[in-house]
Amino acid sequence: MLVFERVTHRYGMRLALDDVTLEVARGERVAIVGPSGSGKTTLFRLAYAAFDPTAGRVLVGGDDMHTLNGAALRRRRATIAMIFQAHGLVDRLRVWQNVIAGTFGARSTLGALRAVTFPTPGERGDVRAALERVGLADRYADRAYGLSGGQRQRVAIARAVIQEAALVLADEPAASLDAELAHETVRMLLNDARARGATLLCSLHQPELAARFDRIVRLEHGRIVNE
Ligand SMILES: Nc1ncnc2c1ncn2[C@@H]1O[C@H](COP(=O)(O)OP(=O)(O)O)[C@@H](O)[C@H]1O
Ligand SMILES: [Mg+2]
């Protein structure tokens, strides 16, 4: 599903990833652990093709992300969900609007505008189902700014659920959450990936949260030190 083939990445002179080879199978749930600066975020950005690696190849679903043209890259990205820590919600919008934004990658600009203003009954049902999955159906019409940190995290997960993303990339989704919320968030990501057969890559600061993943990959100074 996701393959890093001898990937090296430099920002200018700074080496962020050093000859990383990693293969993640479809449906596999992998924790990426490592200290700050070890290259976790760079790995996620490359999986999303935010930029090209300095050397090596990144393949998603068998496609070399670097060689995809604009339309194909857009289609591919629509199947990838990025979940960040607590950011990424639009405060002045309602919960359902934040969730439906998960489908924007698969829509035209006008289509996205229409969905976020006049959703069809089917789309409203999809949003409700996604919110039910994360236990937030009762906050459907609330504005995002009124939500707690844990609730915001769950809306971000609902957005990945409605996107039906085959690949979920969660970069430190549990950072800055208290221990209980961190566990809850990780549990929800694991359950969602299992329920949908999605592939999950999740970076974590706290190694104790990694235990329930199928596999743990440790990064240090841009290199994988054990698997
Ligand atoms: N935009 C950037 N410009 C220059 N250096 C960067 C940039 N982003 C990250 N780095 C450097 O690359 C290395 C890996 O960073 P990062 O992938 O963010 O690690 P992590 O997410 O594990 O903290 C660090 O040394 C960091 O300082
Ligand atoms: Mg990071």
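Go through the residues of region 199-207 one by one and say whether even a single one is open to solvent by 10 Å² or more (accessible area, probe 1.4 Å), of a type in the set (S, T, N, Q) and in contact with a helix residue (DSSP H, G or I) (Cβ under 9 Å, 6 or more places away or on another chain). Yes, region 199-207 contains at least one residue that is open to solvent by 10 Å² or more (accessible area, probe 1.4 Å), of a type in the set (S, T, N, Q) and in contact with a helix residue (DSSP H, G or I) (Cβ under 9 Å, 6 or more places away or on another chain). Look at region 155-180: where a residue is among the charged types (D, E, K, R) and a partner is open to solvent by 30 Å² or more (accessible area, probe 1.4 Å) and assigned to a strand (DSSP E or B), sitting 6+ places away or on another chain with Cβ atoms under 9 Å, you get ASP171/MET82; ASP171/PHE84; GLU172/PHE84. Scanning region 41-52 for residues that are in contact (Cβ under 8 Å) with a residue 12 or more places away in the chain, within 10 Å of ligand 2 (Cβ to nearest atom) and under 13 Å from the mean Cα position of the chain (by Cα) yields THR41, LEU43, PHE44. Residues in region 126-141 include at least one that is surrounded by 22 or more Cβ atoms within 10 Å (Cβ to Cβ), of a type in the set (Val, Ile, Thr) and more than 16 Å from ligand 1 (Cβ to nearest atom). Contact annotation: residue pairs with Cβ atoms under 8 Å, 6 or more positions apart or on different chains, pairing a residue in region 185-203 that is farther than 12 Å from ILE157 by Cβ with a partner that is in a loop (DSSP other than H, G, I, E, B) and within 16 Å of ligand 1 (Cβ to nearest atom), are SER203/GLY34; SER203/GLU172.
Out of VAL134, VAL127, VAL186, which single residue is more than 24 Å from VAL30 (Cβ to Cβ) and of a type in the set (Val, Ile, Thr)?
Of the residues listed, the single one that is more than 24 Å from VAL30 (Cβ to Cβ) and of a type in the set (Val, Ile, Thr) is VAL127.
Checked against (1) surrounded by fewer than 16 Cβ atoms within 10 Å (Cβ to Cβ); (2) away from ligand 2 (no atom under 16 Å from the Cβ); (3) under 19 Å from the mean Cα position of the chain (by Cα), THR103 passes all but condition (1). Does ARG152 satisfy being among the charged types (D, E, K, R), open to solvent by 10 Å² or more (accessible area, probe 1.4 Å) and within 16 Å of ligand 1 (Cβ to nearest atom)? Spelling it out, it is not the case that ARG152 is among the charged types (D, E, K, R), open to solvent by 10 Å² or more (accessible area, probe 1.4 Å) and within 16 Å of ligand 1 (Cβ to nearest atom).
Cβ-Cβ contacts under 6 Å between residues 6 or more apart (or on different chains), taken from a first residue in region 212-224 that is of a type in the set (Lys, Arg) to a second residue that is surrounded by fewer than 15 Cβ atoms within 10 Å (Cβ to Cβ), are listed as ARG218/VAL225; ARG218/ASN226.
The values are calculated or read from the model by the stated rules, or taken from the named source; none is laboratory data. Remember, predicted model here, so these are calculated numbers, not experimental data. Positions of Cβ are backbone-derived with ideal geometry, glycine not excepted, and every protein chain shown enters the neighbour counts. Just so you know, the surface numbers come from the protein's heavy atoms only, side chains and all, with ligands and any DNA or RNA stripped out. Shrake-Rupley method; radii C 1.70, N 1.55, O 1.52, S 1.80 Å.
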